[in-house]
Amino acid sequence: MPSKRRAVRRMGDGGTGAGTGAPSWWSHPDGSTGRGAGFRLPPDRLPAAAPGPTSRPQPSEPPAPAASGRGGTGLRIAVLAVFAVLCAGLLGGGVGAVVQGTRQGGRITLRPATEAGVSRPADTTAGVVKAALPGVVYLSVRTAGQSVTGTGTGIVLDGAGHILTNNHVVAPAGRPGQVTVTFSTGQRHPAALVGRDVDSDLAVIQVKGVRGLRPLALGSAAGLQVGDPVVAIGAPFGLVGTVTSGILSAKDRPLTSGSASSGTGLAHLDALQTDAPINPGNSGGPLLDSAGTVVGVNTVIRSATADSADPYAADDEAGSIGLGFAIPIDRAIRVAEQLVNTGRADRTTIGATLLPDHTGSAEVGSVSRTGTAARAGLRAGDLVTAVDGNPVTSAADLVALIRGGSPGQRAVLTLWRDGDVRSLSVLLRSAPGSAPADSA
């Protein structure tokens, strides 16, 4: 494709008006005409040409009668005043042109700005990031006999080297790979798997023999409000140390990530939604509040071209469209403690089985006699439409909201029964091991 060239004319060539070209110091990029033309007097202020040797003398006008008295003196004063004004105008215009020319193309010296005296409070994005970066690590994962098959981010939990991340990062093919951890200093260390949980899409790995670790401060998502500012740190597409910011877009967003047939399995999440850009490689990284504490673990994004089997793009390379989701840190802490202490995580349940094909609400198929749902009065055939005011449109929504809760808490179920709207307060309890996708 032919390149475009900008025509450059010598200053003064082809210009309008009288006189020679611009001064030699003039180098305005606009050229010799228009706004960037060289300094010239307008035609009505050009000085009259002095008569040359061959010029014919011009007929002179008869002298004006001399003024006498105070009137003559006043006239001379008026003439002198007009002359002084004209001179001042010409002088001011000339100085202004020289100054403007110097600013736009003359000899100037540019000095780089210094950071001396610049204050960045801890609650600004820059302050939050500066404090958090040493506690964020970046992961590359290899499966047996293959090149790097997974990348992601991790959160340093303690001085013993425990690191929190996503299950789908450390087990991209459904089985754990060899994990290498890169710290913010650039140092690399191998890590061992401590435990992983498919249902929550969380995992804990550990590096040993590393000193000077800087664990991140863990907060709570309970006090967040929609609209609160948040910051995400990760390695999208391998770009380590990438910082993005946005707001909390929604809370208690039920979703399922992955699929039962995928290598990573099916996760049920009661997620935080954010518009802070999150891309592949951000998975497992922190979502921070304005105080710099971790409020979520970045996990999945909603893809514009979502696969119906994996609508939240846990297994592909889709880019951000402003719909990112994070696991609330409250659930992540509970799962991480169980993985470190026992190597496995429990699940939260009420003891009900749901009909998976029902839409618009969650239809109860059966209720365990020993579950808390039975004691609360839940029955087969009930249609659950909300949990703690959060809408339920499918069995997957109810499963995600129940499993996202904490054992010992109570959840208020809104349901239809025999044409009436009812509310039940159900105690959440902990159950060991995994459970079918239609079990709440």
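Between I247, I233, I278, which is outside any strand (DSSP E or B), among the β-branched types (V, I, T) and in contact with a strand residue (DSSP E or B) (Cβ under 8 Å, 6 or more places away or on another chain)?
Details: I247 fails: outside any strand (DSSP E or B); I233 fails: outside any strand (DSSP E or B).
Exactly one residue qualifies, and that residue is I278.
Can we say T264 is surrounded by 21 or more Cβ atoms within 10 Å (Cβ to Cβ) and within 12 Å of G324 (Cα to Cα)? Write out each step before concluding.
Details: surrounded by 21 or more Cβ atoms within 10 Å (Cβ to Cβ): yes; within 12 Å of G324 (Cα to Cα): no.
Here the answer is no, as T264 does not meet what is asked.
In the stretch 218-230, which residues are of a type outside the set (S, T, Y), in a loop (DSSP other than H, G, I, E, B) and surrounded by 13 or more Cβ atoms within 10 Å (Cβ to Cβ)?
So the first thing to find is which residues in the stretch 218-230 are of a type outside the set (S, T, Y), and the list is 218-219, 221-230.
Imposing the further condition that a residue be in a loop (DSSP other than H, G, I, E, B) reduces the set to 219, 221-228.
Hits for the stretch 218-230 are G219, A221, L224, D228.
Taking the residues in the stretch 238-252 that are polar (S, T, N, Q) and open to solvent by less than 60 Å² (accessible area, probe 1.4 Å) as candidates, determine which candidate is farthest from T182 (Cα to Cα).
To start, the set of residues in the stretch 238-252 that are polar (S, T, N, Q) comprises 242, 244-245, 249.
From what is left, the residues that are open to solvent by less than 60 Å² (accessible area, probe 1.4 Å) are 242, 244, 249.
On the way: T242: 14, T244: 20, S249: 31 Å.
Checked the stretch 238-252; the qualifying residue farthest from T182 (Cα to Cα) is S249.
Let's see how each residue does on (1) surrounded by 23 or more Cβ atoms within 10 Å (Cβ to Cβ); (2) in a helix (DSSP H, G or I):
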| position | (1), (2) |
| --- | --- |
| I333 | no, yes |
| A336 | yes, yes |
| V340 | no, yes |
| R344 | no, no |
| A374 | no, yes |
| A386 | no, no |
| S406 | no, no |
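On the basis of being under 25 Å from K130 (Cα atoms) and either in a strand (DSSP E or B) or open to solvent by less than 60 Å² (accessible area, probe 1.4 Å) (or both), does V204 make the cut? Working first, answer last.
On the way: under 25 Å from K130 (Cα atoms): yes; either in a strand (DSSP E or B) or open to solvent by less than 60 Å² (accessible area, probe 1.4 Å) (or both): yes.
When the stated conditions are applied, V204 passes them.
In the stretch 184-195, is there at least one residue being surrounded by fewer than 16 Cβ atoms within 10 Å (Cβ to Cβ), on the phi < 0 side of the Ramachandran plot and hydrophobic (A, V, I, L, M, F, W, C)?
yes
What residue, of A314, A306, is in contact with a His (Cβ under 9 Å, 6 or more places away or on another chain), among the hydrophobic types (A, V, I, L, M, F, W, C) and modelled with pLDDT under 95?
On the way: A306 fails: in contact with a His (Cβ under 9 Å, 6 or more places away or on another chain).
Just one listed residue meets the conditions, A314.
L355 - would you say it is at pLDDT 95 or above and open to solvent by 40 Å² or more (accessible area, probe 1.4 Å)?
Working: at pLDDT 95 or above: no; open to solvent by 40 Å² or more (accessible area, probe 1.4 Å): yes.
No.
The values are calculated or read from the model by the stated rules, or taken from the named source; none is laboratory data. Given the structure is predicted, the values throughout are model-derived calculations rather than measurements. Here the Cβ is made from the backbone with ideal geometry for all residues, glycine too, and neighbour counts use every protein chain on show. Calculation scope for accessible area: heavy atoms of the full protein, side chains included, ligands and nucleic acids excluded. Shrake-Rupley method; radii C 1.70, N 1.55, O 1.52, S 1.80 Å.
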